[in-house]
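*Asks:* Supplied in C-alpha cells, the structure appears directly below.
The values are calculated or read from the model by the stated rules, or taken from the named source; none is laboratory data. As the structure is a prediction and not an experimental result, all values here were calculated from the model. Quick reminder, even Gly has a Cβ in these numbers, built from the backbone with ideal geometry, and neighbours come from all protein chains shown.
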There are 2 protein chains.
Amino acid sequence: MSGEPAPHEPDAPPLAAQLRARGLRLTTQRQRVLAAVSALEHGTPEEIGARLRAEAGPDGAAPDTSTVYRTLELLERLGLVWHTHLGKGAPVYHAAEHPHLHVVCQECGQISSVDPTLLDAAAERLAADLGFTVDVGHVALSGTCRACAEKSRTEQP
Amino acid sequence: MSGEPAPHEPDAPPLAAQLRARGLRLTTQRQRVLAAVSALEHGTPEEIGARLRAEAGPDGAAPDTSTVYRTLELLERLGLVWHTHLGKGAPVYHAAEHPHLHVVCQECGQISSVDPTLLDAAAERLAADLGFTVDVGHVALSGTCRACAEKSRTEQP
DNA sequence: CTCGTTGCAAAGGATTTGCACAAGT
DNA sequence: ACTTGTGCAAATCCTTTGCAACGAG
C-alpha cells in the first residue's frame, strides 16, 4: 500500500501483454472468450459458450466447450476474470475490471452488483483481527430481494 | 424486530416438531443425516454420506446417497441446516444453530467462523438501500488467510 | 520450424429422478 | 390402511482429459 498509479486504467491488464510475458500465445479464442465474459455481466461457462456460438453465426466456428473451460481457468490465473458461485448450478464469471460485490436472491436468482466499499469496514476488521485478506471480487452475499420477500409474505400470511 | 425471546435455545428448532407440523415423517435416516451434519462442522453431501456409512458399520444400513441429498434439501427448507459454496467442488452443509459467518482461504481451503455481527452494518445498509435481506448463514467470504499470504510472499519475492 | 493450443470425443464425478417396495402415523 | 420416504438404478448435468492436427511466434 503506497499509492496506486491510477484508479483504473482504460483497459487495465493488457491481455496480450500478460500472455507474452509468460510465453503464452494470443489466440482468437482467448480474445473472444474474454470479450464474451465482459459482455455477459454474469455468465456461466455454458452461457459463455452459447454466446460465442451465437456470435460466430452458422458458418463461423466458435471455441469448443473444453476450450472455454480451459480459457476461463487461464484468464482467471492471469487475473483478468473472476468467478463466483451463486447458486447450486454452475459458477458465473465476470471480467475483473473494477471490483464489485455480488448480491444474489436465493429465491429468484436475480443478481445485483453493489458498491464494494460496502464491505470495507468488515474487510479491515478481518485484516486487523485475523490477517485475512478478503477478495471482494469473489464475494457473493446471499439473501432475499425485496420482491421475493413481499411475495412470500403475500402467499403465506 | 421487537426483542427475541431467547438468544439461543438448547436445541433450537425441534426436528420432530418441524416435521409433524408439516405432516411429514420422522425417520431414522433424517435423524442420522441431521446428526451427521452437526457432527461434521462443514461437510459435503459426499462426506456426510461417507460418515453415515462409517457409523452404520458393515452390516447396518446407511441412507442411500439420493436420500442424503433429498434429506439435506428438506432440512434446509425446514431451516435446520444451511449450505454454502466454498470452492469449486461441492457445497458444504452446516447445522443452523446460531448463525455464524464463514471465511474461506482460497489457497489452503481453511475455513474459519467469524462473528456474524461483522456484517451487520453492511446488512443494514443493503436492507435500507435495496430492501435486500442478507442471509448471514449463507454468506462466505473468500480471500487469503495470513499463513497463505506470507507463504506466497516468501515463494515469489 | 517448434511448441503451445484447439477440437473432438470419451471419460468422470456429482446430483437428480422414476418407480416399486418399505415404513411411519 | 393410507401416504410419505427410501433404495436402486438409470439419467442428467457439468467438467475434465487424451491425443492428433493446427497455428502463433
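*Asks:* Please go through region A:108-126 and give me each residue that is more than 9 Å from chain B (Cβ to nearest Cβ), touching a residue at least 12 places away in the same chain (Cβ under 8 Å) and not hydroxyl-bearing (S, T, Y), ordered by number.
*Replies:* A:C108, A:G109, A:Q110, A:I111, A:D115, A:P116, listed by residue number.
*Asks:* Filter region B:60-102 down to residues that are more than 13 Å from DNA strand D (Cβ to nearest atom) and among the hydrophobic types (A, V, I, L, M, F, W, C) and give me whichever is nearest to B:S38 (Cα to Cα). Even if it seems obvious, please write down each step before you answer.
*Replies:* Of region B:60-102, the ones more than 13 Å from DNA strand D (Cβ to nearest atom) are B:76, B:79-84, B:86, B:92-102.
If we keep only those that are among the hydrophobic types (A, V, I, L, M, F, W, C) too, we end up with B:80-82, B:86, B:92, B:95-96, B:101.
Values: B:L80: 10, B:V81: 9, B:W82: 11, B:L86: 18, B:V92: 12, B:A95: 5, B:A96: 9, B:L101: 16 Å.
Applying the filter and picking the extreme gives B:A95.
*Asks:* Looking at region B:83-100, which of its residues are at pLDDT 85 or above and more than 9 Å from chain A (Cβ to nearest Cβ)?
*Replies:* Result: B:V92, B:Y93, B:H94, B:A95.
*Asks:* Look through A:L52, A:L80, A:L75 and report the one residue that is over 30 Å from A:D120 (Cα atoms) and modelled with pLDDT of 90 or more.
*Replies:* Details: A:L80 fails: over 30 Å from A:D120 (Cα atoms); A:L75 fails: over 30 Å from A:D120 (Cα atoms).
Testing whether each residue is over 30 Å from A:D120 (Cα atoms) and modelled with pLDDT of 90 or more leaves just A:L52.
*Asks:* If a residue must be within 22 Å of A:V92 (Cα to Cα) and not in a loop (DSSP other than H, G, I, E, B), how many such residues does region A:12-27 contain?
*Replies:* 1
*Asks:* A follow-up question, please. Could you tell me how many of the residues in region A:127-143 are within 7 Å of chain B (Cβ to nearest Cβ), hydrophobic (A, V, I, L, M, F, W, C) and within 27 Å of B:L130 (Cβ to Cβ)? If you could, list the steps in order and put the result at the bottom.
*Replies:* Within region A:127-143, the subset within 7 Å of chain B (Cβ to nearest Cβ) is A:130-135, A:138-139, A:141-143.
Now drop any that are not hydrophobic (A, V, I, L, M, F, W, C), which leaves A:130, A:132, A:134, A:139, A:141.
Checking the rest, the ones that are also within 27 Å of B:L130 (Cβ to Cβ) come to A:132, A:134, A:139, A:141.
The qualifying residues number 4.
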